[in-house]
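The values are calculated or read from the model by the stated rules, or taken from the named source; none is laboratory data. Everything quoted here is computed from the prediction, not taken from an experiment. Reconstructed Cβ throughout: ideal geometry from the backbone, glycine too, with neighbour counts over all protein chains shown. Side chains included, ligands, DNA and RNA excluded: accessible areas come from the protein's heavy atoms. Shrake-Rupley method; radii C 1.70, N 1.55, O 1.52, S 1.80 Å.
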Amino acid sequence: MYATSIFDRWAVAVCMGVVLCLAALPLSAQNNSGGANLPRPDFKYNGKVGRTISESDPPQFPALVTAPAGAPNVVLILIDDAGYGQFGTFGGAIPTPALDRVANEGLRYTRYHTTALCSPTRAALITGRNHHSVSNGVITEAATGYDGYTGIIPQSAGTVAQVLHHYGYASAWFGKNHNTPDWETSANGPFERWPSGYGFDYFYGFMGGDCDQWHPTLYEDHTLVPTSTDPDYILTKDLTDHAIQWLHRTRSIDQKKPFFLYMAPGATHAPHHVSPEYLAQFKGKFDAGWDVYREETFKRQQALGVVPASAKLTPRPKELPAWESLSADQKKLFARMMEVFAAFTAQTDHEMGRLLDAVRELPDADNTIIIYQVGDNGASAEGGLVGLLNENTFFNGVPESLDDNLKHINEIGGPRHFNHFPAGWAWAMNTPFQWTKQIASHLGGVRNPVAISWPKRITDKGGVRDQFHHVIDIVPTIYEAAGITPPRTLNGVEQKPIEGVSMMYTFNDAKAKERHRQQYFEMFINRGLYADGWWAASRSSIPWEVGEKNIIPDELPWELYDLNNDFSQANDVAAANPKKLRELQDLWWAEAAKFNVLPMDPRKIVRLNAEMQGRPTPTKGITHFDYYSGTVALPSGSAPSLLNKSWTITAKVAGAKKNTEGAIFTMGATDGGYGLYVNKGKAVFVCNYLGQRITRVESKRSISAAPTTIRAEFAYDGGGIGKGGVMTLYVDDEKQGEARLTATQALTLGLGGTLDIGADVGSSVDEQVYAPPFRFNGTIEKVSVDLKP
């Protein structure tokens, strides 16, 4: 079924849709009155004050801020890029005992939903409002200048941590922060939109969408964390160690203070990195392929009761190949990629179990709510049809070779690659639903498992709940559990209504009538509308396609599903129910107008280039930059863009007395970037093209202890984006050599890479030559970067 024009839809929304949408809104979104003004007024002594203390009433002090009586501790775990059929607790083939325990001590929710993408879900999770309402309609790195898409959570949408702070809670955030605009993620801040600005007392984690698990760039509050020297270091274990330390420290200082602990490990988002000891248990487990995996998982899900017996397993999309159609080499590589992903999942759940064991050892463990959410969206198909050794190739639209990837099959999961499994496995992880991450129109993109336990209040241990819920429902659940009314104003700013509904009504009543009756979905013009069991869906794209195309919403087909009788969204009944479909289409446009969804934007890749989009980076309009030794981990959003232009790097240095070596300038990481370093006394200018090709220009003369100027010039060919150019290296104005590049990265450098002076603190731009941090053992006076048209 097809929509009529956008104008017609909008007109309907203005005339009648708003009334319909208000009737079905969660109760908390219709009324936000009665809350306090936070912070509370300053204390004022109200006794008698005489000329001396002897003539005055006894002194008084402001009362300590304490939580409401019986307010619980809260542990919120958010797994990254995970699907409904991935964790064993919901029928997946990967054992996940930590999630099992939460579910067995509490409840499994089988109709819980996210937004289909990272930042949007996370912004909704911590505010209790829809993602467009809080200006996070897309990831922060793709922000545009419209109200629903700035990437800036407004002050009118205070976070749960900000509110809990004013009710006596201690709070901490561990792991992924994908809710700070990418132009504000450097060590200079500003920090209003870092976790501290969002109300968290403590932060230990990383900024951005993904992170090298072996070589992460981490912050403790606002301070860069030194690179670990542990040869067995891996990120999720480190995050868990710090979370347990914080928990013990907090409780040692104040045993009565309730806590809110938010753990967002960044796993199982690519790169799929895992400690080797977790791999062996999965060897050969996925040789039968993704089609068989879905069939076997579906049977397990029905046996567990997390998928109804009446449900149907949705078929494989025609855009995905059957496993049996693959070559032997493809099967070998793809099965190995899935083994790595399974091991990554298992290690992640193990670390979450360590954290929860520490929580359960506390005296008030019975009054602790544990919310373990499996995914901020469905499993990711961004690995494309053949998987990736380097996820950055996807974001630059560059294909990878099966033959090349097979050569590295035994390295997958280790520190050399930014790997991602094929889309077929993502589809399998989302069993029994259609599609994957990004596709907000279909359940594979937005239906995620969640388990909730609260020993003191939830008595139906091991129960299953099938009421419709959404990520915006977590905050009002926490507020109700703590006895808190959302504030009317926060820091002097009137607050938007909470748009979710508390889930507490379901805790001890499996048959309770659902209260979240209507919810819109939108991502890259993939649209959905849920209302009282019906779901209208309009898909606009295929998640692994990177080419930009003009999408006209009016020309996209719509589907209709009766989810009360069709759990898996398997039976399109649009043709038989045109009036119902039209009603939901009208409601979708009403919601879009209400929640800042418009204007819709299908562009996935071009929006990642801050310069092309005109985002307010601190480098905007500047063509000359001076950097000094010790400037490290400067993120791309705060660094000069070396993409699609000519540029020069000029370093004024003096070498060591002997054996000069070390990084002078690097920008990027193992998955792509540029560098200027000294190796065995010779200056080297290097380009790492997406980890596929390394091009070096080496000096003929050695770098001595005398003051020396090293200049690396890149002359871009022009004529569009991603074109080639010429690299030339000079030492004291004497040309040392040149090399031609046939292509350059068009849209992103290293996904986790940064600009570093005097060291390379992340993964190495040139791993064949050196290992990080490769500190320069001479002296650096200054490194200048000059950009040219």
statement: Rounded to the nearest whole number, the per residue volume of the convex hull around the C-alpha atoms of region 122-222 in Å³ is 93 Å³
- prompt: What is the set of long-range amide H partners of LEU490 at a cut-off below 5 Å, with H atoms built 1.01 Å from backbone N?
  reply: LEU38, GLN495
- prompt: Residue-wise, which Karplus ³J(HN,Hα) couplings in Hz belong to region 250-264, taking 6.51 cos²θ - 1.76 cosθ + 1.60, θ = phi - 60°, and x for glycine or proline?
  reply: 4, 6, 5, 7, 8, 6, 8, 6, x, 10, 10, 10, 10, 10, 10
query: Share of antiparallel DSSP beta bridges in region 116-240, in percent to the nearest 5?
result: 40 percent
message: Output wanted: per-residue J couplings in Hz (rounded whole) for region 193-201, from phi through Karplus 6.51 cos²θ - 1.76 cosθ + 1.60, θ = phi - 60°, x for Gly and Pro.
response: 10, 8, x, 4, x, 8, x, 7, 5
task: Return a whole-number percent for the relative contact order of region 498-563, with Cα pairs under 8 Å and 6 or more residues apart as the contact set.
output: 23 percent
- prompt: Amide H to amide H, which residues 5 or more places from GLY137 or on other chains are under 5 Å from it, using H placed in the peptide plane?
  reply: TYR149, THR150, GLY151
query: By how many degrees, between 0 and 90 and to the nearest 10, does the Cα long axis of helix 290-304 differ from the longest principal axis of the chain?
result: 30 degrees
field: Contour excess over end-to-end distance, with Cα ends at THR223 and SER56 and 0.36 nm allotted per residue
entry: 55.4 nm
- line: Taking Cα pairs closer than 8 Å and at least 6 residues apart, the relative contact order of the chain in percent is 18 percent
message: I'd like the orientation of helix 578-594 relative to the chain: the angle between its Cα long axis and the longest Cα principal axis, in ° from 0 to 90, rounded to 10.
response: 60 degrees
task: Compute the separation of the alpha-carbon centres of region 445-488 and region 610-686 and state it in Å as a whole number.
output: 47 Å
- line: The farthest towards the positive end of the charge dipole of region 68-127, of the residues ALA103, GLY85, HIS113, given +1 on Cβ of Lys and Arg and -1 on Cβ of Asp and Glu, is HIS113
statement: In whole Hz, the Karplus estimates of ³J(HN,Hα) for region 51-68 (6.51, -1.76, 1.60; θ = phi - 60°; x where Gly or Pro) are 6, 10, 5, 5, 9, 10, 5, x, x, 10, 10, x, 5, 4, 6, 10, 6, x
statement: Once SER310 and LYS549 are pulled to full extension, the length gained, defined as 0.36 nm per residue separation minus their Cα-Cα distance, is 82.2 nm
message: Could you tell me the calculated FRET efficiency between ASP509 and GLN768, based on Cβ-Cβ distance and R0 = 51 angstrom, to the nearest 0.05?
response: 0.25
- request: Taking 7 Å along the Cα-to-C-beta vector as the label spot, tell me the TYR45-GLU192 distance in nanometres, rounded to one decimal.
  value: 3.6 nm
query: By per-residue mean of other Cβ atoms within 10 Å, what is the highest-first order of 243-252, 226-235?
result: 243-252, 226-235
field: Neighbour-limited loop hits for trypsin sites (Lys or Arg not before Pro), region 501-604 (at most 12 other Cβ within 10 Å; DSSP other than H, G, I, E, B)
entry: LYS511, LYS513, LYS549
- request: Give the accessible surface of the chain per residue, rounded to a whole number of Å², with probe radius 1.4 Å and ligands, DNA and RNA excluded.
  value: 37 Å²
message: Could you tell me the calculated FRET efficiency between LYS782 and ASN104, based on Cβ-Cβ distance and R0 = 60 angstrom, to the nearest 0.05?
response: 0.50
message: Charges at C-beta only: +1 for Lys and Arg, -1 for Asp and Glu. How large is the resulting dipole of the chain about its Cα centre, in Debye rounded to 20?
response: 560 debye
query: Convex hull over the alpha-carbon atoms of region 636-788: what's its volume per residue in Å³?
result: 93 Å³
query: Looking at this model, which pairs from LYS652/LYS700; LYS652/LYS680; LYS332/LYS604; LYS299/LYS437; LYS682/LYS782; LYS680/LYS723 are more than 26 angstrom apart at the alpha-carbon?
result: LYS332/LYS604; LYS680/LYS723
query: Taking H as built 1.01 Å from N, whose amide H comes closer than 5 Å to the amide H of LYS176, not counting residues under 5 places away?
result: PHE206, ALA264, GLY266
query: If each of LYS331 and TYR628 carries a label point 7 Å out from its Cα toward its Cβ, how far apart are those two points in nm?
result: 6.2 nm
